[in-house]
Every structure is written in structure tokens, then in C-alpha cells.
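*Asks:* For reference, the structure I am asking about is given below.
Taken together, the values in this text are just the output of simple stated rules run on the coordinates, not laboratory data. Every value quoted in this text rests on a predicted model; they were computed, and no experiment measured them. Cβ placement follows ideal geometry from the backbone for every residue including glycine, while neighbour counts extend to all protein chains displayed.
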Amino acid sequence: MIKPKSVEEVIETARIEEVVQDFVNLKRRGVNMIGLCPFHAEKTPSFNVSPSKGFYKCFGCGKGGDAVDFLMELEQMDFVEAIRYLAKKYGIQIEETEVSQEVRQEQQQQESLFLVNEYAKQFYQDQLFDTDVGKSVGLSYFRERGFREEVVRKFGLGFAPDKNDAFTLKATHEGYNPELLKKLGLTTQYGRDFFRNRVMFAIHNLSGKVVGFGGRILAKDIKAPKYINTPETDIYTKSKVLYGAYFAKRGIRKEDECILVEGYTDVLSLHQAGIENVVASSGTSLTVDQIRLIKRYTENVKILYDGDLAGIKAALRGMGMVLEEGLNVRIVLLPEGEDPDSYLQRVGTEAFRDYITREAKDFIMFQAGLLQEEAAGDPIKKAKLIKEIVESIAKIPDPLKRSLYVRECARIMDVEEQLLVNEANKVVATQFKKGQQEKDRARLKEEAPQPDEIFVAPPPPAPGKQAATGDEFQEKDIIRILIAGGGEIFDEEEKTTVAQYIMGNIEDVLDNFDYPLYGRIAKDCHERLLANEPVNSDYFLSHADQQIRELAINMLSSPYEYSENWEKRWEIFLTSQSMPDENFAKDSTQALKRFKLRKLNKMIVQNAEKIKQLFEKKSDDYMIYLKLDQKLKVMRNELAEELGTVVL
């Protein structure tokens, strides 16, 4: 087990913006950073990162947390894996305590799939560098392709020997579970090696863990596929992975562009040449998940194709989903007979860079030009061409971009612009209607009660999601101030904190909170103050209770910011109060008065009910409660006057 001291050091060292930027392209907006949420599909950024507060919050799907939460949610790590990942990232040596055999086995079970793949990668690499066959066959192949040793090692390339069970025997001999080998697709159901006599390409996820392998056969005239891949497993889904993405993400952010190629060796060649913003779809058509993975880092994609026109036309038909996701796509057609790897090797890095920059054409324009050549002189084909172009344009979510494409395509194809506008509007309307119908069907399916659920009471809604009742608004405001500014100074002379001031005024009503969660937090604060422990946002953001931690993130997050332009550009200054983040003293005073007013009103109502009961019983005690009623109303009216509130 990792010692608490090490865990604390890792959490304190980790910078939320640095961790998130390994997976999401963030842009500065005021004091915060914003990007497209990696947890749900969106076209407008709603994912906020607060470097000063150390957490992220998506205002679209509601997910939020610190650096550890981010890794656990996005990469499906457990807590220990996330801490290890961060420790490695920041070069922190973690200390661990001795664990029992049972605990160790449980940890190994949780990490087993990645551990086995890492072992397999090392096995294949050892075969490549340390065996005669590996050197003469595998390493020779990579050297012939021009790959340097540091690139071979960096990307985890290797060699699988031409033996039925070389890997399986060695892995099981060293204690790896045969069932896990089969589960990961490394061993067949008959106990044989899945990869044999092939050079190996390790496939990494975005956090750098090996999730699968690709193997290329070198022998000729053999009836076997040139490439084979790891079958789908619990940790590898081909449609969600882009080869080289782990090594390319920094380059993509830096260049604000992703270069998309087809094969493993294309990625390796470009990366070795210093063009690091490159990934491969590994021979498959792009999927929505792969497109969204690219969109985390950039909205600009440059796709490199070889000179095979038939293949290009087939690939272009699948570009609709790329446009729908709002990406800006440019196409580069390489010289006939060349692929990215061969062309780079032939002309060199600088000439290659110049070529793909010079020859990059906007996807819509490229498609229009390609189809126009095909339909030249044939009005029927031209009409079909116009429909294909319009369908592509209609998939672009940005209406401004759509209008610009319509204008340019009308010029290229020599047709009236309004004609294309009308056709595009029809397609957009049809797509919108279809999308609404799909949403309605999904909603009805979700809302339809299952037979065993008809008489089951629904669970209570989460905080802030339901209509507020009773004193919830006032209680929530008190808790908000405790979370956001409990540790701030309320009185400079007496050195009292905001938390001390608030708790000193409400400790007699801690059992009278309407909302249980807020009452629980108030009691928690009271206990911490009695124990001379601090009450501040850091405490709540790292609270052991997940419900309290999530509430703290929600209360400390806002999609709005005070614009610095008021002061910098227009010289308009906030004079009536301090900036919101510095206004905790006044804020807590006002919130406390509102809180007290609500409680006084409730006490007056309860007291009136008591008077009514005693009066009906003809008890003389009701006079005592009448006097109490007068006293409570005087207190209420004075408080209302201070707040400028009208009491009805």
C-alpha cells in the first residue's frame, strides 16, 4: 500500500491543468482554462479547469474533480493507479508499506491486464534485440525501413518468433495466468501463440499503457494476412484507439493540427523526422470515437492519401462524421505510387513538410474538384455531384462555414448560389428532424417503466437538481460561504475566521437544518473548529465523502467570470464592495442574517400553532407563547429592516 505521506505529496504536487492537458487541448480564458469535454460529445467548449483551485468542472455533463478524479474517470484507473501515474509524471518516489499476500493478489488482479501486455511488449522487444533470429529478421527489417534504435525502443517495437508457443510457455513459466493470456488475445484457445514470425507494434492508450499489438508478417508467398491485430478485449477497442496518439498529443497541441495517416510505419517515419503530430487509423475507416479523440487536442486535421483514386473516393464517403463533429479537414494527395513513409524517405523532411503544406486542400473543395472532373460534360452526373456536395456541406454544424462553402462551391460548379442554399437547408432540416426523432425515442425508452419498477419509489434527487423547499436556499448559502471562504479572516483585530463567525451564530440550530447534507457539513465544520482544525476549500475538495466533495466542486465552479476589461479598457472600478473572492466578511454577515430570518419565520409559525392548540384547550399557558410571539416578531422585523426586506 502507498503510504499516506506519499499520496499527499503526489496530490499536492500535481497541477490539474498539466494533467488535463495531456488529454485535452485547453485554452486560457481569464483565470481559468477551457476545452472540449472528454467525457461527453460537445461542439462548444464547456469543460473548465481552475488552476488556482486545483479542479476541473464540466458545465455540460456535470463531471468534476481533481487530477486523481480526472484520471480515474477518463482512463478507468483505480486510485492507486492514478497516484502511481502522477508520481511517475512528476518524478516522485513513492513509499509503500508491506502488504499481505491477499492484498497483493487483489492489486495484481486489478492491474493484471496492463501488466501482462507490458510483459508481452518486453518479451517481443527482447526477442528483437537479444536473439539471433530477431536481429537477422526483425531488426534488419526495421533498419531497412530507416528506423533508428531509439524510435524502435520508444514505440515498443519487437519480434514474435516462429514457434507455436514460445511466448505462452515463457509467460506461464514466470507465473502469468494462462486465462489472462487468452483474454488479451496473446494466446489462442488451443494454447498457442497468437503472434508468430511477425514484427510487432505495441499499441498504447493515451496514458501510455500498452492495450494491444499489431503484427506484420515478413515471409512472402504465404497465405496469411499481412497485418493482424489484437482481438477486442476489456482494455482494447480498435474503434476507440489511434496508433501513436500517446506520443503525438503534445505535438498536436503545439501545431494545433493532427496529421492522419494509414499505417504504423507512416507514424514512425514522420515521428522520427521530427513531425510528431501524427497518428494512424491503422487501416480502418475513421470512427466517431477516434474523431472525438482528435478533437480533444485540435479541430484541424490533415489527412494524407497515396495516389490511389479509387481508395480515396471510398475514404471520402466516410468523411461525413468528421464534418459533423466540426473538424476542419484538409486533404493531401501524395504522388502516385507513394505513401507517407516512402515519400518522406525519398525527398527528405524539409521537402516533405513543404509538400504537405503546399498541397493541402480543403476537404469540401477537394471533393468538389474531384467529382467535377468525373462529371464533366454530363448533366445527370453533375446533378448527382451537386447533391453529394450539398450533403457534405449540410453536415457542417457551423452555419457561417456552411454559407462560405456554399458560395465557393456555387462558383466552382457554375450554378446559382441560392439553388445550393435551398438544397442545403432541406438537408439540414431533414437531419434536424431525424435527430429530434432519435432523441425522443431514446427519451421515451429511458422513461418507460420496467415491469418490476412500476411501484418502486424514485430515489431522492441530487443536491441542486430538485425544486428548493423550506430553508434550503439560505442553508445552501451558509454552506457555500463555509466551503469557499471558511478559512478567510472575518475580523482582523480578533483574528476570527469566517467559519468561526458563522458557527458561533448557528451552533444552537445545527440540528434544525431542513436539508440533511447541509446540516451534516455544518456539524462537520463545528467539530473541526472544536478540534482547532482549519475549515477551508482545500479540506472540502479532498473530503473523504464523495457527495461533499462533489458539492464543493459545484459551489466553487461558475461558468461566468468578472471581466478584467471593466478596469483595463474602460476604467470602471467596483466601488460598492470588494471583489467577490475577497468579500467573505460582508457576504457571510448578509447570508447569516437571511438564514436567521428564515429560522425566525419558521419559529413564529411553529409558535402560532402552539398558541392555537393551547387556546383550544383553554390553557392559561398560551399567554407565555403570546409573549414569545411578540418577541420573535420584534426580532424578525428588526432583522428584516436591516436586510431591507418587506415582511408580509
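*Asks:* Determine the shape class of the stretch 175-233: with a ≥ b ≥ c the square roots of the Cα gyration tensor eigenvalues, call it rounded for a/c under 1.5, and otherwise prolate if a/b is greater than b/c, oblate otherwise.
*Replies:* Here the stretch 175-233 falls in the oblate category.
*Asks:* Just to be sure I follow: if Rg is taken over the C-alpha atoms of the stretch 142-281 and Rh is the Kirkwood radius over the same atoms, what is Rg/Rh?
*Replies:* 0.99
*Asks:* Give a quick list of GluC sites (Glu not before Pro) in the stretch 394-425 that DSSP marks as loop, anything other than H, G, I, E or B, with at most 11 other Cβ atoms within 10 Å.
*Replies:* Filter output for the stretch 394-425: 416.
*Asks:* Here is a further query. Over the stretch 268-427, consider all pairs of different Cα atoms and compute the Kirkwood hydrodynamic radius from their mean reciprocal separation; express it in Å, one decimal.
*Replies:* Answer for the stretch 268-427: a Kirkwood hydrodynamic radius of 16.9 Å.
*Asks:* If one puts a single equal scatterer on every Cα of the stretch 371-442 and applies the Debye formula without solvent, what log₁₀ I(q)/I(0) results at q = 0.25 Å⁻¹?
*Replies:* Those come out to -1.10, one per q.
*Asks:* In the chain, how does Rg compare with the Kirkwood Rh, expressed as the Rg/Rh ratio over alpha carbon atoms?
*Replies:* We get a ratio of 1.07 for the chain.
*Asks:* Could you give the length gained on full extension between residue 80 and residue 431, defined as 0.36 nm per residue of separation minus the Cα-Cα distance, in nm?
*Replies:* 121.8 nm
*Asks:* Averaging the inverse of every distinct alpha carbon separation and then flipping it gives the Kirkwood radius. What is it for the stretch 472-643, in angstrom units?
*Replies:* Final number for the Kirkwood radius of the stretch 472-643 is 18.4 Å.
*Asks:* Would you list, by chain and number, the lysines whose Cα falls below 26 Å from the Cα of residue 593, excluding same-chain residues fewer than 8 positions away?
*Replies:* Answer for residue 593, where 26 Å is the Cα cut-off: 465, 476, 495, 523, 602, 610, 627, 631, 633, listed by chain and number.
*Asks:* Between the stretch 148-180 and the stretch 319-395, what's the alpha-carbon centroid distance in Å?
*Replies:* 40 Å
*Asks:* Next question, about the same structure. Run the numbers on the stretch 472-643 and let me know its relative contact order in percent, using alpha-carbon pairs under 8 Å that are six or more apart.
*Replies:* That works out to 24 percent.
*Asks:* Taking 0.36 nm per residue of sequence separation and subtracting the Cα-Cα distance, how much length would be gained by fully extending the chain between residue 250 and residue 357, in nm to one decimal?
*Replies:* 36.5 nm
*Asks:* Hey, with R₀ at 45 Å, roughly what FRET efficiency would residue 173 and residue 538 work out to, going by the Cβ-Cβ distance, to 0.05?
*Replies:* On the way: r = 50 Å, r/R0 = 1.10.
About 0.35, to the nearest 0.05.
*Asks:* So, one more: Among the listed pairs 63/295; 382/426; 209/254; 240/395; 27/387, which have their C-alpha atoms separated by more than 26 angstrom in this model?
*Replies:* On the way: 63/295 19 Å; 382/426 19 Å; 209/254 23 Å; 240/395 22 Å; 27/387 38 Å.
From the list (63/295; 382/426; 209/254; 240/395; 27/387), the Cα-Cα distance tops 26 Å for 27/387.
*Asks:* In which sequence would 480, 148 go, from the one with the fewest C-beta neighbours within 10 Å to the one with the most?
*Replies:* The order, fewest Cβ neighbours first, is 148, 480.
*Asks:* Determine the calculated [θ] at 222 nm for the chain from helices alone, applying -39500 (n - 2.57) to every DSSP H run no shorter than 4 residues and normalising by the residue count; nearest 500 deg cm²/dmol.
*Replies:* My calculation for the chain gives -16000 deg cm²/dmol from helical runs alone.
*Asks:* Could you calculate the contour length gain from residue 628 to residue 220, that is, 0.36 nm times the residue separation minus the distance between their Cα atoms, to one decimal place in nm?
*Replies:* Numbers: separation 408, 0.36 × 408 = 146.88 nm, distance 9.96 nm.
Once the chain is fully extended between residue 628 and residue 220, it gains 136.9 nm.
*Asks:* Follow-up. Quick check on packing: order 153-165, 490-502 by the mean number of other C-beta atoms within 10 Å, highest mean leading.
*Replies:* In decreasing order of mean packing, 153-165, 490-502 become 153-165, 490-502.
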